[in-house]
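Written below as structure tokens is the structure these notes are about.
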Amino acid sequence: MVRQKTQIRKIENLAARQVTFSKRRRGLFKKAQELSTLCDVDLALIVFSATGKLFHYSPSSMSEVLERHGQLQSQNVGEVQLSSDQKMEIACKRAAILSEELVEKTHELRQMNGEDIQGLDLKELNKLEAIIESGLAAVVKAKGERMLNQINTLKKKEAQLLEEKEFLKQQLMRMGTCVGQTGIQDECSERYSLELTISSMSSEDPAHNYNVSSSHTCLKLGLPSSD
């Protein structure tokens, strides 16, 4: 049976409405939890029931998420009212922050290359070693996969070349057989033609007494022998 599509409209029955709210709320919170886990995001979900009861979910801290939201809202509202000089000052501050982050990331990259590690303590060196080993394991795994793919590709090409080689070998054998049979047929035809010519000459001139059967000299025409 085909499942009928549920129409989205207010449920008039109060008991059915409460059951549906409970089911849909749990499903909504489950989807929010999956989104937070899969995509590593912070979120805050707030639901008020028809009776005014509060339901909320946040993977981290609800207050921190709401505080961040309030700060962003105030920044967006404030930026609309800022002058051009103030906007330029904010842009310069953001550029300075990004520049500091770039310097920090560059320094971390140099440390991963074995540079500027004299000032690190044992804990920092262990952390750096763990990062490098993790990256090296990923590189080795990717390299192994690429090599395996290349080996499989070469094996397929090798099998294809062997098939083509066998096909060409069979074609050459057939051509050699046909050439040999053609040479034998040509030799037999030339011998038969020569005998007919000598016989006709003997019958036309009896005085010369051409005797084909008793002659010790045999003229053979045909392809040269391989011996």
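Points worth noting:
- Computed from label points 7 Å out along Cα-Cβ, the spacing between K10 and E34 is 3.1 nm.
- Accessible area of region 10-78 belonging to carbon and sulfur atoms, whole % at 1.4 Å probe: 56
- Here the Debye sum runs over all C-alpha atoms of region 102-184 as equal scatterers in vacuum, and log10 of I(q)/I(0) at q = 0.14, 0.19, 0.20, 0.25 Å⁻¹ comes out as -0.72, -0.90, -0.94, -1.11.
- Heavy-atom accessible area ranking, 1.4 Å probe, most first, across V139, V41: V139, V41
- Net lengthening on full extension, L148/R68 (0.36 nm per residue, minus Cα-Cα): 24.0 nm
The values are calculated or read from the model by the stated rules, or taken from the named source; none is laboratory data. Please read all numbers here as calculations on a predicted model, not as lab measurements. Glycine also receives a Cβ, built like all others from the backbone with ideal geometry; neighbour counts cover every protein chain displayed. Accessible surface areas use protein heavy atoms only, side chains included; no ligands, DNA or RNA. Shrake-Rupley method; radii C 1.70, N 1.55, O 1.52, S 1.80 Å.
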